[in-house]
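The structure under discussion appears below in the form of structure tokens.
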Ligand code: UT7
């Protein structure tokens, strides 16, 4: 049975930085409160011309470049996101088109902040079953578009960004070793966007009542998160047959430093064994784990052959974890020019639209003449 190795990783964050002091100009808050209660110092905000799919494409480009894998080799693209460009088409389809991933099936996965963990497990299972040989998993968010910038309970927490992994099959043991996926829908109302779906379709009234913004019971979510982070991590280790001391790095969802500290206490591990970058980016939901991985690798905290556990929680309620043996890129060949694939993809996409238009004219004329 093949193993699903992580052979490429990449991240992308928008340039605009929003500091706690900036936020103090917008709502009744201050830098000290935000740092004490969350550990966040600043977050990134997408520019007008950026959105979830464009951030995803940039992160994916970096991951594919690292894996030296052409987008045309990909067989599956999963975008985990809580802030898709549209309800449909999926953000993953937009990414597939822009990368020119001709052979890839693409879909979005909605499990809020746990989405990246679930998506990575789904892609890994597709590889392990022998169905496919390569996959791209992306967590991408522009939560700044879904935040009520007058609500100090939520607007201080979230930020924009994207992270991506390339997964490839190999017989050599390693990669994703075990997974834990859990949900408790009874807590669905604790963190939600109540409007814009089929339950409360978008109307002038729903917008006036702010139903299209993130609503959260912070204290309840905090309690739930501190309960599940350590146990889910331990469960993934047990399933993979790993002892805590055999795991070099824990990569937790970056929501609140105090939640990560609680997980460290639960696992009886020092904070040095945890990847933390919540101070720089806030909570980027599905993007937070792959972004933290990218920075941990860059800092030398995660190296080839190391064991790592990634653990997340979020709306749903959902939570999950993965034990992974870190591999790194397989390919030894020259660089793959992902940007030139993107240029040809743009041309191909345009030609397809043009062809559809011409076909429409032909069919349209056909119907007219038979009428
Ligand atoms: O991906 C999952 C997403 N969500 C989460 O992970 C959220 C988990 N929850 C949390 O991180 C924390 O509950 C928060 C950071 C949201 C809140 O921290 P807290 O320590 O639980 O504060 P609190 O809600 O109990 O509020 C304490 C006080 C309140 O004032 P009073 O009632 O004690 O006078 C709040 O009104 O702090 C006040 N407060 C603020 N003050 C300054 C709430 N938000 C702010 C703010 N600035 N931004």
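Since every read-out is calculated from the coordinates, none of them should be taken as a lab result. Worth saying up front: this structure is predicted, and the values here are computed from it rather than measured. Cβ sites come from the backbone with ideal geometry, for glycine too, and all protein chains shown count toward neighbours.
Give me the three principal axis extents of the stretch 252-371 from the C-alpha atoms, as integers in angstrom, largest value leading.
Between the extreme Cα coordinates on each principal axis of the stretch 252-371 lie 77, 42, 25 Å.
Cut-off is 10 Å between beta-carbons; in what order do 136, 317 appear when sorted fewest neighbours first?
317, 136
Hey, fewest Cβ within 10 Å first, where do 203, 52 land in order?
Least crowded to most crowded, the residues run 203, 52.
Anyone know which of 75, 359, 171 comes out most mobile in the 10 Å Cα GNM of the chain?
359
Just the number, please: Stokes-Einstein D of the stretch 79-157 in µm²/s, Kirkwood Rh from C-alpha pairs, 25 °C, 0.890 mPa s.
Numbers: Rh = 13.9 Å.
For these conditions, the coefficient is 177 µm²/s.
Over the stretch 3-325, calculate the relative contact order: mean separation of alpha carbon pairs under 8 Å at least 6 apart, over the residue count, as a percent.
Answer for the stretch 3-325 is 25 percent.
Using Cα-Cα distances under 8 Å and only pairs 6 or more residues apart, what relative contact order does the stretch 1-153 have, in percent? Don't skip to the end; give the middle numbers.
Details: 268 pairs, mean separation 45.5, N = 153.
Contact order relative to length: 30 percent.
Over the stretch 3-325, with a single point scatterer placed on each C-alpha, what log10 of the ratio I(q)/I(0) does the Debye formula yield at q = 0.13 1/Å?
Debye curve over Cα of the stretch 3-325, log10 I(q)/I(0) at q = 0.13 Å⁻¹: -0.89.
Please provide three numbers in whole Å: the alpha-carbon extents of the stretch 1-151 along the principal axes, with the largest listed first.
Largest first, the stretch 1-151 extends 54, 30, 27 Å along its Cα principal axes.
Over the Cα atoms of the stretch 43-125, how large are the radius of gyration and the largest Cα-Cα distance (Dmax), in Å?
12.5, 37
Per DSSP H run of at least 4 residues, take -39500 (n - 2.57); add these up for the chain, divide by its residues and hand me the 222 nm value, nearest 500 deg cm²/dmol.
So the calculated ellipticity at 222 nm is -12000 deg cm²/dmol.
Work out Dmax and Rg for the stretch 147-257 from the C-alpha atoms and quote the Rg first, both in angstrom.
Values for the stretch 147-257 (Cα only, Rg and Dmax): 18.8, 57 Å.
If the elastic network links every pair of Cα atoms under 10 Å, which of 352, 65, 325 fluctuates the most in the Gaussian network model of the chain?
Ranking 352, 65, 325 by mean-square fluctuation puts 352 first.
Which three numbers, in whole Å and largest first, are the semi-axes of the equivalent ellipsoid of the stretch 244-310 derived from its Cα gyration tensor as √(5λ)?
17, 15, 9
Express in whole angstrom the spacing between the alpha-carbon centres of the stretch 144-208 and the stretch 224-259.
20
Going by C-beta contacts inside 10 Å, put 271, 181 in order with the fewest on the left.
Ascending number of Cβ neighbours within 10 Å: 271, 181.
Hey, in the GNM for the chain with a 10 angstrom Cα cutoff, which one of 29, 318, 327 fluctuates hardest?
Evaluated over the chain, the most mobile residue of the options is 29.
Using the alpha carbons of the stretch 133-191, what is the convex hull volume per residue in cubic angstrom, as a whole number? Show your work: numbers first, answer last.
Details: hull volume 7.7 nm³, N = 59.
Taking only Cα atoms, the stretch 133-191 has a hull volume of 131 Å³ per residue.
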